[in-house]
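One structure, as structure tokens, below. Some questions next.
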Amino acid sequence: MTVESTAARKPRRSAGTTGAKSSASTTGTKSAASAGAKRTGAAAKKSPGTDPELVQLLTPEGKRVKDATYDPYVADITPEELRGLFRDMVLTRRFDAEATSLQRQGELGLWASLLGQEAAQIGSGRATREDDYVFPTYREHGVAWCRGVDPTNLLGMFRGVNNGGWDPNSNNFHLYTIVIGSQTLHATGYAMGVAKDGADSAVIAYFGDGASSQGDVAESFTFSAVYNAPVVFFCQNNQWAISEPTEKQTRVPLYQRAQGYGFPGVRVDGNDVLACLAVTKWALERARRGEGPTLVEAFTYRMGAHTTSDDPTKYRADEEREAWEVKDPILRLRTYLEASNHADEGFFAELEAESEALGKRVREVVRAMPDPDHFAIFENVYADGHALVDEERAQFAAYQASFADEGEGK
């Protein structure tokens, strides 16, 4: 395998639809000209860079552009930090591809891929401070990486061996939330508590374009605005709520919804890791200063399936996907690193080796996961215990014991 396979070329279709080992899916290669020539219809309308209100610092061609408002937030970024962002995205994609393969091989019950959304997650994740608190949905594998959560811990729930896999308070990273949009309420309440405590930390809540239509999200916007909560709502608009396009969710760009609630909204190129980093830093700093919530819409694209139970070929055209392949977040940062002489072939070769090692570790850890403790569901329900939980635990213990009794009777 060459370094191109993980370090920055076109993501292969197999990452979202096949069961073969998919480390090669982390990159791939395709010229901008050939894919751009196929950009037609709805795909062209969804193209980043055509929206004058889209914050962009790194073009799809890997060229650095200036923005008077957000440049100061990345003005002091070093070549080492740029390589770090690239490494984060490559390894996150490698982990994600391995998880997809493991599901196809029957090792996981389900998997929600982040393919194509690495820049939105790594950029925003690296903008957070250690004392900030993050509320994810179930696709924020890159944000978890930035928060120091071992990626293998993300897989336990999808394998069915635990209810989360990590202590949220260890990394200020909440457990994955399957109920669509409900974590925005949790984030808002937590942020209101942070404000009452007088802390200068901030909260960030992640959700998708589909979740933006949920009542919970609307309530979160209302309460956060009224109580001036230090929370950033980070919407990864990947164009599709399973099979429902964004046009069926809203008649205006999602970030404009913030106006109706009385706080700022910003649309950022979600495939531009520098822009995502800068905009999220700005929003978090604003929250810490006591200026209230912000809605960030990261305009990106879901390159794979919604989950491994989904077949995106049933509802979207190949031309649309191909039009977004040339905007690949890893490709554009690699192009910039190479053009700026910030990374050499030795760096990419080392990253390739690290990527392979990560994939191997993920496979080994998942297959060695022990069966779950049947009684773990009764832990941490109430802080000080509860009589009803004790009763339910006893009933469940009797139920489990009945199987042993049946075996002895035979």
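What number of residues within the range 67-111 satisfy the criterion of being closer than 28 Å to V161 by Cβ, part of a loop (DSSP other than H, G, I, E, B) and charged (D, E, K, R)?
Result for the range 67-111: 1.
Having 3 or more residues that are crowded, with 17+ Cβ neighbours inside 10 Å and either out of contact with any helix residue (DSSP H, G or I) (no Cβ under 8 Å at 6 or more places or on another chain) or at pLDDT 95 or above (or both) is the bar; report the helices (runs of 4 or more DSSP H) wholly within the range 137-190 that clear it. Give the steps one after another, and end with the answer.
Values: elements: 141-146, 156-159, 168-171.
Where helices (runs of 4 or more DSSP H) fall fully within the range 137-190 and carry at least 3 residues being crowded, with 17+ Cβ neighbours inside 10 Å and either out of contact with any helix residue (DSSP H, G or I) (no Cβ under 8 Å at 6 or more places or on another chain) or at pLDDT 95 or above (or both), they are 141-146, 156-159.
A further question on this structure: Kindly check whether there is at least one residue in the range 381-388 that is touching a residue at least 12 places away in the same chain (Cβ under 8 Å), part of a loop (DSSP other than H, G, I, E, B) and of a type in the set (G, A, S).
Here is the first cut: in the range 381-388, the ones touching a residue at least 12 places away in the same chain (Cβ under 8 Å) are none.
No, every residue in the range 381-388 fails to be touching a residue at least 12 places away in the same chain (Cβ under 8 Å), part of a loop (DSSP other than H, G, I, E, B) and of a type in the set (G, A, S).
Quick one: which of E322, E297, E350 is at pLDDT 95 or above, closer than 25 Å to F86 by Cα, surrounded by fewer than 24 Cβ atoms within 10 Å (Cβ to Cβ) and not polar (S, T, N, Q)? Steps first, answer last, please.
Working: E322 fails: at pLDDT 95 or above; E297 fails: surrounded by fewer than 24 Cβ atoms within 10 Å (Cβ to Cβ).
Of the residues listed, the single one that is at pLDDT 95 or above, closer than 25 Å to F86 by Cα, surrounded by fewer than 24 Cβ atoms within 10 Å (Cβ to Cβ) and not polar (S, T, N, Q) is E350.
Still on this structure, I have one more. Please give the number of the condition D371 fails out of (1) assigned to a helix (DSSP H, G or I); (2) under 30 Å from A97 (Cα atoms); (3) open to solvent by 50 Å² or more (accessible area, probe 1.4 Å); (4) not hydroxyl-bearing (S, T, Y).
Checking D371 against (1) assigned to a helix (DSSP H, G or I); (2) under 30 Å from A97 (Cα atoms); (3) open to solvent by 50 Å² or more (accessible area, probe 1.4 Å); (4) not hydroxyl-bearing (S, T, Y), the one that fails is (1).
Give me a count of the residues in the range 57-74 that are touching a strand residue (DSSP E or B) at 6+ places or on another chain (Cβ under 9 Å), open to solvent by less than 30 Å² (accessible area, probe 1.4 Å) and hydrophobic (A, V, I, L, M, F, W, C).
2
Is there a residue in the range 227-246 that is in a helix (DSSP H, G or I) and open to solvent by 30 Å² or more (accessible area, probe 1.4 Å)?
From the range 227-246, those in a helix (DSSP H, G or I) are 246; that's our starting set.
Pick out the ones that are also open to solvent by 30 Å² or more (accessible area, probe 1.4 Å) and you get none.
The answer is no; no qualifying residue exists.
Working carefully through the options D318, D311, find the one that is over 23 Å from L254 (Cα atoms), without any contact (Cβ under 8 Å) to a residue 24 or more places away in the chain and out of contact with any strand residue (DSSP E or B) (no Cβ under 8 Å at 6 or more places or on another chain).
Values: D311 fails: without any contact (Cβ under 8 Å) to a residue 24 or more places away in the chain.
The match here is D318.
Still on this structure: Is there any pair with a first residue in the range 333-361 that is at positive phi and a second that is assigned to a helix (DSSP H, G or I) and open to solvent by 20 Å² or more (accessible area, probe 1.4 Å) whose Cβ atoms are under 9 Å apart and which are 6 or more apart or on different chains, and what are they?
The qualifying pairs are N341/P79.
Cβ-Cβ distance below 7 Å, separation of 6 or more or different chains: which pairs start in the range 202-219 with a residue that is in contact (Cβ under 8 Å) with a residue 24 or more places away in the chain and more than 22 Å from A144 (Cβ to Cβ) and end on one that is assigned to a loop (DSSP other than H, G, I, E, B) and hydrophobic (A, V, I, L, M, F, W, C)?
Here the result reads Q214/I180, each pair linking the range 202-219 to a residue that is assigned to a loop (DSSP other than H, G, I, E, B) and hydrophobic (A, V, I, L, M, F, W, C).
Quick check: is even one residue across the range 302-309 open to solvent by 10 Å² or more (accessible area, probe 1.4 Å), basic (K, R) and either touching a Lys or Arg at 6+ places or on another chain (Cβ under 9 Å) or closer than 20 Å to A97 by Cβ (or both)?
No - not one qualifying residue is present in the range 302-309.
I'm trying to understand the selection: among the residues of the range 126-142, which are touching a residue at least 60 places away in the same chain (Cβ under 8 Å) and touching a Leu at 6+ places or on another chain (Cβ under 9 Å)?
Pass one, the range 126-142, residues touching a residue at least 60 places away in the same chain (Cβ under 8 Å): 126-129, 131-137, 139-140.
Those that are touching a residue at least 60 places away in the same chain (Cβ under 8 Å) and touching a Leu at 6+ places or on another chain (Cβ under 9 Å): R126, A127, T128, R129, D132, P136, R139, E140.
Can you pull out the residues in the range 323-362 that are within 19 Å of the chain's Cα centre (by Cα), closer than 19 Å to L57 by Cβ and not aromatic (F, W, Y)?
Passing the criteria: K327, D328, P329, I330, L331, R332, L333.
Among L337, L358, which is out of contact with any His (no Cβ under 7 Å at 6 or more places or on another chain), crowded, with 22+ Cβ neighbours inside 10 Å and hydrophobic (A, V, I, L, M, F, W, C)? So that I can check it myself, show each step before the final result.
Values: L358 fails: crowded, with 22+ Cβ neighbours inside 10 Å.
So the residue among L337, L358 that is out of contact with any His (no Cβ under 7 Å at 6 or more places or on another chain), crowded, with 22+ Cβ neighbours inside 10 Å and hydrophobic (A, V, I, L, M, F, W, C) is L337.
List, please: which pairs have Cβ atoms under 6 Å, are six or more places apart or on different chains, and start with a residue in the range 175-192 that is closer than 18 Å to N237 by Cβ and end with one that is β-branched (V, I, T) and in a helix (DSSP H, G or I)?
Correct list of pairs: G181/V217; T184/V217.
Please verify whether E392 is loosely packed, with under 15 Cβ neighbours inside 10 Å and outside any loop (DSSP other than H, G, I, E, B), treating the condition exactly as stated. Let's see the steps before the verdict.
On the way: loosely packed, with under 15 Cβ neighbours inside 10 Å: yes; outside any loop (DSSP other than H, G, I, E, B): yes.
For E392, the condition - loosely packed, with under 15 Cβ neighbours inside 10 Å and outside any loop (DSSP other than H, G, I, E, B) - is met.
Here is a further query. Looking at the range 75-95, can you tell me whether even one residue there is under 25 Å from Y315 (Cβ atoms) and either buried (at least 18 other Cβ atoms within 10 Å of the Cβ) or modelled with pLDDT of 95 or more (or both)? Break it down stepwise before answering.
We begin by selecting, within the range 75-95, every residue under 25 Å from Y315 (Cβ atoms); these are 93.
Still in the list and also either buried (at least 18 other Cβ atoms within 10 Å of the Cβ) or modelled with pLDDT of 95 or more (or both): 93.
Within the range 75-95, one or more residues are under 25 Å from Y315 (Cβ atoms) and either buried (at least 18 other Cβ atoms within 10 Å of the Cβ) or modelled with pLDDT of 95 or more (or both).
The values are calculated or read from the model by the stated rules, or taken from the named source; none is laboratory data. Keep in mind that this is a model prediction, so the values were computed, not measured. Ideal geometry is used to build each Cβ from the backbone, glycine not excepted, and the neighbour counts take in all protein chains shown. Heavy atoms of the whole protein, side chains included, go into the accessibility calculation; ligands, DNA and RNA do not. Shrake-Rupley method; radii C 1.70, N 1.55, O 1.52, S 1.80 Å.
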